[in-house]
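> Provided herewith is a single structure, encoded as structure tokens, for subsequent inquiry.
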Amino acid sequence: MTLDFGVVPSYSQLLFTGLLWTIFVTVLAGSVSILLGIAIATTTLHGPKFASLPVRGISFLFLGTPLLLQLYLLYYGLSQVGVMLPAFWTGVVGLGLHYAAYNADIFRASLQAVDPGQAEAARSLGFSRGATQRLFIMPQAIVTALPQVGNNSIILLKDTAVLSVLGIAELVLNAQRAISETYRPFEFYFTAALLYYVVNLAMEFLLGIAARKAEEIR
């Protein structure tokens, strides 16, 4: 069988719909991973032991088990105890929790890298501990963490392909639907790979601009 990319344009709407859902899931899950990552890092560094130890343990659980297994546990496991989470939100929550564990390590290291003297100076000026962290320490830590968190966001984008096992109509699943009708796997998987690559380049470009702007502000 020879290659025939002429069948791809007929399914362009299906592929671009899948791509839009992929980007949408990436944005939602990425936001969850960043916010939870900051919360986990702050809790493990400054929280009381009764809070920091369980949070650290849960974080290690997500670091030490496969993403696919975590998604199965959320989708099929929770349903056994009466928690019915729709497939879409299972994907968002699962990816968000998985990458929150990785981002937490990055944010924790970035927080520890900030000069302790800045916190002492802020406290001497009358700022509370919470205000010092929020206004002085955290903004600098976020700027330091931005490149690595950005890299995690790009990896997260590619890992959305795993959500096809839950029936979420992201790019890979829609490509598979086109393949089931045309029996042209190479053409559609190659096109999907090309779309991922273009979006990755766009994300790297935007993250590079954000990193430079953040450095200028700092």
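> Heavy atoms only, probe 1.4 Å: what % of the accessible area of the chain goes to carbon and sulfur, would you let me know?
Carbon and sulfur together cover 68 percent of it.
> While we're looking at this one, here's another question. Residue by residue, what Karplus-based ³J(HN,Hα) values in Hz, rounded to whole numbers, does the range 37-51 have, using 6.51, -1.76 and 1.60 with θ = phi - 60° and x for Gly and Pro?
So the J values, rounded to whole Hz, are x, 5, 5, 5, 4, 5, 5, 5, 7, 10, x, x, 4, 5, 9.
> Can you give me the distance in nm between label points at PHE205 and GLN176, each placed 7 Å from the Cα along the Cα-to-Cβ direction?
3.1 nm
> How much mean residue ellipticity at 222 nm does the chain get from its helices, if each DSSP H run of length 4 or more adds -39500 (n - 2.57) and you divide by all residues, to the nearest 500 deg cm²/dmol? Don't skip to the end; give the middle numbers.
On the way: 9 runs with 164 residues, N = 218.
The helix-only estimate for the chain comes to -25500 deg cm²/dmol at 222 nm.
> From zero up to wherever the largest Cα-Cα distance of the chain sits, split into 10 Å bins and tell me the percent of pairs in each.
Cα pair-distance distribution for the chain, in percent: 8, 27, 29, 21, 11, 4, 1, 0.
> Would you work out the relative contact order for the chain, in percent, from Cα pairs under 8 angstrom that are 6 or more residues apart? If you can, show how the numbers build up before the last one.
Working: 216 pairs, mean separation 65.6, N = 218.
So the answer I get is 30 percent.
> Now a separate question. In whole Hz, what ³J(HN,Hα) sequence does the range 104-112 give by Karplus (6.51, -1.76, 1.60; θ = phi - 60°), x for Gly and Pro?
4, 4, 5, 5, 5, 5, 5, 5, 6
> Also, I was wondering about something else. Quick one: plug the Kirkwood hydrodynamic radius of the range 1-90 (C-alpha pairs) into Stokes-Einstein at 20 °C, 1.002 mPa s, and report D in µm²/s.
129 µm²/s
> Taking the Cβ-Cβ separation of ALA161 and PHE24 as r and a Förster radius of 22 Å, what is the calculated FRET efficiency to the nearest 0.05?
After rounding to 0.05, the efficiency reads 0.95.
> Give the peptides 192-200, 119-127, 137-145 in descending order of average Cβ contacts within 10 Å, highest first.
With the highest mean Cβ count within 10 Å placed first, the list reads 137-145, 192-200, 119-127.
> Say R0 is 41 Å: what FRET efficiency, to the nearest 0.05, do PHE190 and SER52 get from their beta-carbon distance?
Working: r = 47 Å, r/R0 = 1.15.
With a Förster radius of 41 Å, E is 0.30.
> Charges at C-beta only: +1 for Lys and Arg, -1 for Asp and Glu. How large is the resulting dipole of the chain about its Cα centre, in Debye rounded to 20?
Value, rounded to 20: 660 debye.
> Expressed in nm to one decimal, what extension gain is obtained for the pair VAL81 and PHE60 from 0.36 nm per residue of sequence separation less their Cα-Cα distance?
Length gained, VAL81 through PHE60: 5.2 nm.
The values are calculated or read from the model by the stated rules, or taken from the named source; none is laboratory data. Predicted model, so just to flag it, every value in this text is computed and none were measured. Heads up, the Cβs are rebuilt from the backbone with ideal geometry, glycines too, and the neighbour counts pull from every protein chain shown. Calculation scope for accessible area: heavy atoms of the full protein, side chains included, ligands and nucleic acids excluded. Shrake-Rupley method; radii C 1.70, N 1.55, O 1.52, S 1.80 Å.
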